[in-house]
Amino acid sequence: MTELSTIYKLSLVTFICFIKACSSSSCPVLECWFVQEKTGRGGGLTGATSQEKSLLHIRTDAHSHTAKSQQAPSDINPDRVYSITDPAATLCHHSLNPPRGSVEKPQCEMNPFSPQLSDLKWVAPLTDSGLSPIYLEADWFSTSLQGLNKQVAISTIMRAPTATKEHNVILSVTSNTVSVQSRLGEPVLLDCGFWVDPSSPLSGSGFAVEWRYQFRGDGRLVLAYDGKTDRLADTKEKGASLDLEGLHEKGNASLILQEAEVRHSGMYICSVYLPHIVAQVTLELEVVEPPSVSIYPSPLPLAVQGQTLTAQCEASGFAPLSLELSWEFQGIDGKSRPLGSGSVTGHRQAWDGTYSQSSRLELDTTELDLGRGGEVTCVAVHLGGTRQASVTLNVIGFSTPSIEDSMGMVGVALVLYGLIKFVSWTITSSGSDVAGQQEKKDK
């Protein structure tokens, strides 16, 4: 019985060690660009930036074994090999750990970071005392990462005791919606979450969250929240909100847009502030609405051989701007052929930000060889999907009769022939009867 108990304990220990080993192995060794500014000549002016390859060994426990002791690759300076302790395992996301031999790599950049005060209204209360704690006297670095296929975006602030390469993640900000598409009028969730090292003195001093919008040089504050005083900043943005309960309990800083509008398309920056430090991730939202397509006039008027008809295709209510319009014709025989793009107008913008565009097509029944007619279709190709509209074209008076028409004419001729013969026989019969009666009278 004692032997069975010992075997059970050994099996349990082995299993736990195996689980830890698997957990540890799931954290990647990240290749990262270490980027910093060069000091310019004279006056300490900043010049161009320099970048070096670096290696980040990720672990979730500061006491766990890392592969850092192994020899660094020949193209990496040993001084740029770091051990990163990330208790939240944010940096262990599977998209940061591609299969061995994979051509695609996650994006990673590492920079020196300088803790500092902020004068933003929603951030300033975090550092009311104005004093810099001794805790800040260390080496600080920031990292920005993007997983394969834009599965995740991560920004971290790390602290290392001066002149060491043992870094601890103090603040991490993450988004699982790096690129988002939405239909017009639908609710949108832009994911953003953060984690703070509970052992850090900065974790108990409050936080602030800020969302900003940028697009083609246009920027605006969407939403700002001071978590220390539980106060939202006054902004002009309507229909934007946070889940304040989830923000305080789970670090859920996601932005909720009640209804997607065209003006919402652009870049969004989610920034999370702690006293003296900040980390942020960037997301992209694209509002995509396919066009509604119609053809005028509908139906097309009856066309005579040699006549030219004008048809107009109207594509409306679409976003973004890019659209391709073209025409197609399908004859009665079922064969299709392109008719070109016609005469396309410029874009027009509606009150809701959506666009419209039209194309005019001249249908020359002789030059285009449209036969007896068929179906004319306008096709609109757009990011939101391909849409089309069709109308029927009927052409009469063409030069060469079809087999059906020839058979019809033969049938009509036969009917007329039969009718003529019948009338002729009737008249002949009537004449014979009258002549017979006359002969009887004469006798």
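The values are calculated or read from the model by the stated rules, or taken from the named source; none is laboratory data. Remember, predicted model here, so these are calculated numbers, not experimental data. Ligands, DNA and RNA are excluded from the accessible area calculation, which covers all protein heavy atoms including side chains. Shrake-Rupley method; radii C 1.70, N 1.55, O 1.52, S 1.80 Å.
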Dimensionless Rg over Rh [region 57-184; C-alpha; Kirkwood]: 1.02
Interchain or long-range residues, amide H under 5 Å from Thr60's placed H: Asp86
Carbon plus sulfur fraction of accessible area for region 285-392, probe 1.4 Å, in percent: 49 percent
Residue pairs, from the table Lys150/Lys228; Lys105/Lys165; Lys121/Lys150; Lys165/Lys250; Lys121/Lys236; Lys150/Lys236, whose Cα atoms sit over 27 Å apart: Lys150/Lys228; Lys121/Lys150; Lys165/Lys250; Lys150/Lys236
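Calculate what fraction, in whole %, of the accessible area of region 220-259 sits on carbon and sulfur atoms when a 1.4 Å probe is rolled over the protein chains.
43 percent
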Kirkwood hydrodynamic radius of region 224-317, from inverse mean 1/r over distinct Cα pairs, in Å: 18.2 Å
Accessible area per residue in Å² at 1.4 Å probe, computed on region 146-267: 49 Å²
Alpha-carbon spread of region 179-256, three principal axes, descending order, Å: 43, 22, 22
Table column - 3J(HN,Hα) (Hz), region 78-92, Karplus curve with 6.51, -1.76, 1.60, x for Gly and Pro: x, 6, 10, 10, 10, 9, 10, 9, 10, x, 7, 6, 4, 7, 9
³J(HN,Hα) computed for each position of region 180-191 - Karplus, 6.51 cos²θ - 1.76 cosθ + 1.60, integer Hz, glycine/proline x: 10, 10, 9, 7, 4, x, 7, x, 10, 10, 9, 6
Rh by Kirkwood over Cα pairs, then Stokes-Einstein D for region 287-336 at 0.890 mPa s and 25 °C, µm²/s: 181 µm²/s
